[in-house]
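Enquirer: Here you go, one structure.
The values are calculated or read from the model by the stated rules, or taken from the named source; none is laboratory data. This one's a predicted model, so the numbers in the text were calculated from it and none came from an experiment. Cβ sites come from the backbone with ideal geometry, for glycine too, and all protein chains shown count toward neighbours.
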């Protein structure tokens, strides 16, 4: 959740981690997000911050951190998670493809507001294309988010 890494927060600690980036089509993010926040900005959605953090990590680690696209994960979870595991040096297991329903300790305070479908899921659902259009009032926000999305999308594992 890149919007929580405010500009004044030191980021050196990120270099001690294995970083990876999950991206999602801004149109799908915006049309979902406006159900909870009618007038989001690009900064609310986190795309500019994510692109900036990606470049920060890439430059300082002298390598390209792995990027996965949510659509790719839903279209072929086994393959994309396998590629991610390979990139991070983690063993892939079939247990990554399913989970018990219900809340988890790691869900955080926002779970009741955002995770209704996740709490009832037991695995990845097939990708279903979204047909909702970005409202005209958010066209500039969409364009700004699209720029950040494309910057990372060109590096995605596929």
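Enquirer: Cβ-Cβ under 6 Å, sequence separation 6+ or interchain: first residue in segment 61-87 and closer than 17 Å to residue 25 by Cα, partner assigned to a loop (DSSP other than H, G, I, E, B) and at pLDDT below 95. Which pairs?
Expert: 72/158
Enquirer: Here's another thing I want to ask about it. Among the residues of segment 115-138, what is the count of those that are surrounded by 12 or more Cβ atoms within 10 Å (Cβ to Cβ) and either in contact with a strand residue (DSSP E or B) (Cβ under 7 Å, 6 or more places away or on another chain) or closer than 16 Å to residue 99 by Cβ (or both)?
Expert: Residues in segment 115-138 being surrounded by 12 or more Cβ atoms within 10 Å (Cβ to Cβ) and either in contact with a strand residue (DSSP E or B) (Cβ under 7 Å, 6 or more places away or on another chain) or closer than 16 Å to residue 99 by Cβ (or both): 5 in total.
Enquirer: Considering each of 148, 89, 82 in turn, give the residue that is within 28 Å of residue 63 (Cβ to Cβ) and touching a helix residue (DSSP H, G or I) at 6+ places or on another chain (Cβ under 6 Å).
Expert: 148
Enquirer: Kindly indicate whether any position in segment 43-54 is outside any helix (DSSP H, G or I), touching a strand residue (DSSP E or B) at 6+ places or on another chain (Cβ under 6 Å) and in contact (Cβ under 8 Å) with a residue 24 or more places away in the chain.
Expert: The answer is no, given that none of the residues of segment 43-54 is outside any helix (DSSP H, G or I), touching a strand residue (DSSP E or B) at 6+ places or on another chain (Cβ under 6 Å) and in contact (Cβ under 8 Å) with a residue 24 or more places away in the chain.
Enquirer: Would you tally the residues in segment 139-158 being at pLDDT 95 or above, more than 20 Å from residue 34 (Cβ to Cβ) and either outside any helix (DSSP H, G or I) or in contact with a strand residue (DSSP E or B) (Cβ under 7 Å, 6 or more places away or on another chain) (or both)?
Expert: The total comes to 6.
Enquirer: Could you list, in sequence order, the residues of segment 20-42 that are assigned to a loop (DSSP other than H, G, I, E, B) and out of contact with any strand residue (DSSP E or B) (no Cβ under 9 Å at 6 or more places or on another chain)?
Expert: 34, 35, 36, 37, 38, 39, 40, 41
Enquirer: Can you tell me which residues in segment 105-138 are outside any helix (DSSP H, G or I) and either within 16 Å of residue 45 (Cβ to Cβ) or over 19 Å from the mean Cα position of the chain (by Cα) (or both)?
Expert: Scanning segment 105-138 gives 110, 122, 130, 131, 132, 133, 134, 135.
Enquirer: Can you name the residue in segment 1-19 that is crowded, with 16+ Cβ neighbours inside 10 Å and part of a loop (DSSP other than H, G, I, E, B) and, of all such residues, is farthest from the chain's Cα centre (by Cα)?
Expert: 5
Enquirer: Let me ask you something else. Before we move on, is residue 155 within 16 Å of residue 26 (Cβ to Cβ) and surrounded by 10 or more Cβ atoms within 10 Å (Cβ to Cβ)?
Expert: Criteria not met by residue 155.
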